[in-house]
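Comments concern the structure below.
None of the figures in this text is laboratory data; all of them are computed from the coordinates on show. As the structure is a computational prediction, the values presented were derived from the model and not from experiment. All Cβ positions, even for glycine, are placed from backbone atoms using ideal geometry, and neighbour counts span all protein chains on display.
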Amino acid sequence: MTAEAHYRQYFYTYFERLFGYAFTMVKDNAEAKDIVQSAFLKLWEKRSSIDLPNAGRAYLYTTVYHLSLNAIRNRAIRKGHHAQLADGITTVHVHTAEEAEIRERIRLAIETLPPRCREVFCKSRLEGKKYDAIAAELDISVKTVEAQMSKALKLLRTQLSDLALTSLVLLFIR
């Protein structure tokens, strides 16, 4: 049997099982589906170095396990950062001309983002929507949302590199 045939067989045999396994860990349908798809993609990319008939199943389960742990860890880190920011924001209430100037620079920087990138960024950061909700609303994949957010943050970081990080975070999140 060819590598492609083994791969196809694994996909049809294990996709639902792996999805269930990932879901028990991450508790999110879209995230679990993305994790399983990523695991199959990794398997396909390594098909020449993995003995598919004997190690494919184990490779998939191990990959799904590690990707799920990474997703949980990343979620916990983001939650911790949000909590720290919320604590800091409630204690700082400074309204100055400098703050207004920084807000305007941020607004202008956001306006310079490419249209799709700006749309995804605004839905996430300004409207507070989750990536899976944005993906469903815009009819794109969660991975595309992640890529657009990464691009937006990189461009904004470059454009606003002279601003103090603390000021930027405090002003933008409020």
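Report the net charge of residues surrounding R118, where surrounding means a beta-carbon distance below 13 angstrom and charges are Lys +1, Arg +1, Asp -1, Glu -1. Show your work: numbers first, answer last.
On the way: positive: R107, R116, K123, R125, K151; negative: E111, E119, E127.
Neighbour charge sum, excluding R118 itself: +2.
Would you tally the net charge around L41, using a Cβ to Cβ cut-off of less than 13 Å, leaving L41 out, and scoring K and R as +1, D and E as -1? Summing Lys and Arg as +1 and Asp and Glu as -1 gives +3. Taking amide hydrogens as placed 1.01 Å from N in the peptide plane, the amide H of L113 sits under 5 Å from that of no residue at least 5 positions away in sequence or on another chain.
Label-to-label distance, K154 versus E119, with points set 7 angstrom from Cα along the beta-carbon direction: 2.1 nm.
At full extension, R17 and H81 could sit 19.7 nm farther apart than now, given 0.36 nm per residue minus the alpha carbon distance.
Whole-Hz Karplus values for segment 146-161 come out as 4, 5, 5, 5, 4, 4, 4, 5, 5, 5, 5, 4, 5, 5, 10, 5 Hz, taken residue by residue from phi with 6.51 cos²θ - 1.76 cosθ + 1.60 and θ = phi - 60°; glycine and proline positions read x.
Working note: Karplus 6.51/-1.76/1.60 with θ = phi - 60° gives segment 15-23 the couplings 4, 5, 5, 5, 4, x, 4, 5, 5 Hz, where Gly and Pro are set to x.
One chain, two ends: A58 and E98. Fully extended at 0.36 nm per residue, the span grows by 8.7 nm beyond their Cα-Cα distance.
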